[in-house]
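First up is the structure itself, then whatever we jot down about it.
The values are calculated or read from the model by the stated rules, or taken from the named source; none is laboratory data. All figures in this text were calculated on a predicted structure; none of them were measured in a lab. All Cβ positions, glycine included, derive from the backbone under ideal geometry; neighbour counts span all protein chains shown. The area values use the complete protein model at the heavy-atom level, side chains included, leaving out ligands, DNA and RNA. Shrake-Rupley method; radii C 1.70, N 1.55, O 1.52, S 1.80 Å.
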Amino acid sequence: MHLDTIIPIAMCLAIFIALISFIVLPYINMFLKDSATSKEGDPIPTKNGDIFSILNFDGRIAYEDIIKATEDFDIRYCIGTSSYGSVYRAQLPNGKVVALKKLHQREAQEPAFYKSFRNEVKMLTEIRHKNIVKLHGFCLHRRCKFLIYQYMERGSLICVLRNDDEAVELEWNIRVNVITNISHALSYLHHDCIRPILDRDISSKNILLNLKLEAFVFDFGNSRFLDPYSSNHTVFAGTYGYIAPELTYTIDVTEKCDVYSFGVVALEVLMGTHPGELLTSLSSSPSSLQNVMLSDILDTRLLPPRSKNLTLNIVVAATLALGCLRAKPKSRPTMKFVSQQLVACQRPLLKSFPAISLLELLNSELEMENEIEPLPKLSSRPAEYHGSSFKQNP
Ligand SMILES: Nc1ncnc2c1ncn2[C@@H]1O[C@H](COP(=O)(O)OP(=O)(O)OP(=O)(O)O)[C@@H](O)[C@H]1O
Ligand SMILES: [Mg+2]
């Protein structure tokens, strides 16, 4: 064959092969991953025939140690209850304290509860972040099912906010830090995991605090991997008062549902109580917020913030929280944007603190150009944050 004929044919062939590898291979890869999971029927790593498995723990935990430490799950060691189980505090022989969530015997027979329990194991074995409660291990035996977690000394955020003495300990700088911690955890789940994860149940009940009053996201029973290649239809999940409004008319969850729930929790931290009425005003008549001053909605159990820096941090946190509560999911910021904004250095306030209304914050121009992009693209892109993007109305 003549060289003039061979070269174009070879080039066409090369382009064809390149196209095939770009378009088809990712799907083959996905299929292989899926079939690996379905062949196992259960992606949860197991040891000793699904009885007891220890993960990410720097010491030995034996089943007998757990039973001994809690005197066989005696009520005296119980520190909390949830819809499907009880939580116990256990001090191991090496002195380490862990929290155990035990599925009640009756609930263990309920497929929905057991599914949520297993889902938690599956999710927590895949993720690892400073502000997400660590799973040290689990026991999924026929007769006894429990999960072993990192112990959070101060318990849930909702309990701390409800207790006047503890709420006062949660000073303004700590509250801004709590909001930042939660935003980092959610940004990690949405943007930094190999497969993006939707928490689907962010609420002040599902945030724990450690001894230093740092915040940790927990309770992944409802969480889901976000499938970037199809719509994410799912059954209704979440906690009343934190669920994004669009979930009343659609079953297609996006990461913006988590963003909304985060907005509720962030306002709750600043106000010291659930912002129920404010949420109603926001959705029904935002203009009524003209006369609601930010300084008037802050938790009155604390003295008003004194330093300029702290005041600015609170204004930034409130602005972001209100941005997250926007009715249209697409106009809410991404968690990556929120978490970056919370740690970024901001411009000085152009107004005195008591004169800032919620409406002004709601109308603050947030430069959120990355929000339009679908989530999977975000995870592979470097951060696109352009300096100080808050503009206070003069
Ligand atoms: N790792 C932990 N460290 C310390 N305390 C914990 C830990 N996990 C749970 N708790 C305590 O146990 C309580 C119950 O937690 P759990 O997640 O089981 O239920 P919930 O979120 O309050 O309820 P539900 O998820 O059923 O709506 C928490 O509020 C907290 O006080
Ligand atoms: Mg919970």
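Worth pointing out:
- The stretch 250-268 residues that are part of a loop (DSSP other than H, G, I, E, B), paired with ones that are among the charged types (D, E, K, R) (beta carbon under 8 Å, 6 or more apart): Val253/Arg200; Val253/Arg224
- Selection status of Phe113, of a type outside the set (Asp, Glu), within 14 Å of ligand 1 (Cβ to nearest atom) and at pLDDT below 80: yes
- Failed item in (1) modelled with pLDDT under 95; (2) in contact with a helix residue (DSSP H, G or I) (Cβ under 6 Å, 6 or more places away or on another chain); (3) more than 12 Å from ligand 2 (Cβ to nearest atom); (4) open to solvent by 10 Å² or more (accessible area, probe 1.4 Å), with Arg224 passing the rest: (2)
- Checked across the stretch 289-298, the condition of being within 23 Å of Asn131 (Cβ to Cβ) and assigned to a helix (DSSP H, G or I) holds for no residue.
- Identity of the residue in the stretch 194-221, of a type in the set (D, E, K, R) and near ligand 1 (Cβ under 10 Å from one of its atoms), that ends up most open to solvent (accessible area, probe 1.4 Å): Lys205
- Residue match in the stretch 301-319 (condition: without any contact (Cβ under 8 Å) to a residue 24 or more places away in the chain, among the aliphatic types (A, V, I, L, M) and crowded, with 19+ Cβ neighbours inside 10 Å): no
- Looking across the stretch 65-96, the residues that are more than 16 Å from ligand 2 (Cβ to nearest atom) and of a type in the set (Ser, Thr, Tyr) come down to Thr70, Tyr77.
- Condition check for Asp199 on (1) within 16 Å of ligand 2 (Cβ to nearest atom); (2) farther than 30 Å from Leu302 by Cβ; (3) not aromatic (Phe, Trp, Tyr): one failure, at (2).
- Scanning the stretch 97-113 for residues that are within 16 Å of ligand 2 (Cβ to nearest atom) and in contact with a strand residue (DSSP E or B) (Cβ under 7 Å, 6 or more places away or on another chain) turns up Ala99, Leu100, Lys101, Lys102, Leu103, His104, Glu107, Phe113.
- Test: residue in the stretch 269-289 that is open to solvent by 50 Å² or more (accessible area, probe 1.4 Å) and in contact with a strand residue (DSSP E or B) (Cβ under 8 Å, 6 or more places away or on another chain): no
- Summed over the stretch 91-116, the residues that are hydroxyl-bearing (Ser, Thr, Tyr) and without any contact (Cβ under 8 Å) to a residue 60 or more places away in the chain give a count of 1.
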